[in-house]
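The values are calculated or read from the model by the stated rules, or taken from the named source; none is laboratory data. Quick caveat, the model's predicted, so the values are computed rather than measured. Every residue, glycine among them, receives a Cβ derived from its backbone with ideal geometry; neighbour counts consider all protein chains shown.
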Amino acid sequence: MKLTELKNLDPKKPGLWPWPAKILSFVAIFSVVIVAGFFLFWQEQWATLGRVKAEEDKLKETFMAKKKEAINLDLIKKQLNETKESLGALLKQLPNKSEMDALLTDINQAGLGRGLKFEFFKPGNEKIIGSFAELPIAIKVSGDYDDIGNFSSDIAMLPRIVTLNDIKISPSGGKESGLKMEAVAKTFRYLDEEELANQAAAKGKAKGRGRRK
């Protein structure tokens, strides 16, 4: 339609308009209604829909994470039981307070059994490390190369945990042949219930003094 024809249309008689004009007017009215509806009614609903959709996506992510945790729960329980068993096996390798004397005797006998001569064997002061106590033992032995090597292997093979640290090997010197080894053997034991209780009480007192300051 031409612009002049649109100007000549009688707005009071739309029924007499030609079909192209009717279609154009319908499209225009429909567009105005849509735009007006969006700004007056649908804009808030659209924003609400966006928030609900975002919340739905977040809930889906949470659900998938929980589902993954549930699938892995049996595996986690199995790993936890294996860890407990491993910890129990390690604890069995640590002597308690009453077994320490027997362990010191085992270390001494390991050296004598290899024909080594103990020049020095002195347990030091225990050092508390968490739930365990570390006992250093200063030792000095002399003998030939093979005997000292076998003694070190015997220490490592003891049923209780014993480590050799700060090892120094030197010739015996003087008229004696062979070698001399100085080392610090360290063994560990777990604290008994009374010692753990005393340790917890001491920590509580220390915190109390810190607060008063």
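Of Pro171, Pro159, which residue is within 23 Å of Met100 (Cα to Cα) and either basic (Lys, Arg) or surrounded by fewer than 16 Cβ atoms within 10 Å (Cβ to Cβ) (or both)?
Values: Pro171 fails: within 23 Å of Met100 (Cα to Cα).
On inspection, the qualifying residue turns out to be Pro159.
Does region 104-119 hold any residues that are surrounded by 15 or more Cβ atoms within 10 Å (Cβ to Cβ), over 19 Å from Ile161 (Cα atoms) and touching a residue at least 40 places away in the same chain (Cβ under 8 Å), and which are they?
Of everything in region 104-119, just one residue is surrounded by 15 or more Cβ atoms within 10 Å (Cβ to Cβ), over 19 Å from Ile161 (Cα atoms) and touching a residue at least 40 places away in the same chain (Cβ under 8 Å), namely Arg114.
Which residues, taken from region 148-187, are closer than 19 Å to Phe132 by Cα and hydroxyl-bearing (Ser, Thr, Tyr)?
Thr163, Thr187, listed by residue number.
Among (1) buried (at least 16 other Cβ atoms within 10 Å of the Cβ); (2) modelled with pLDDT of 90 or more; (3) charged (D, E, K, R), which single condition is Lys122 missing?
For Lys122, the failing item is (1).
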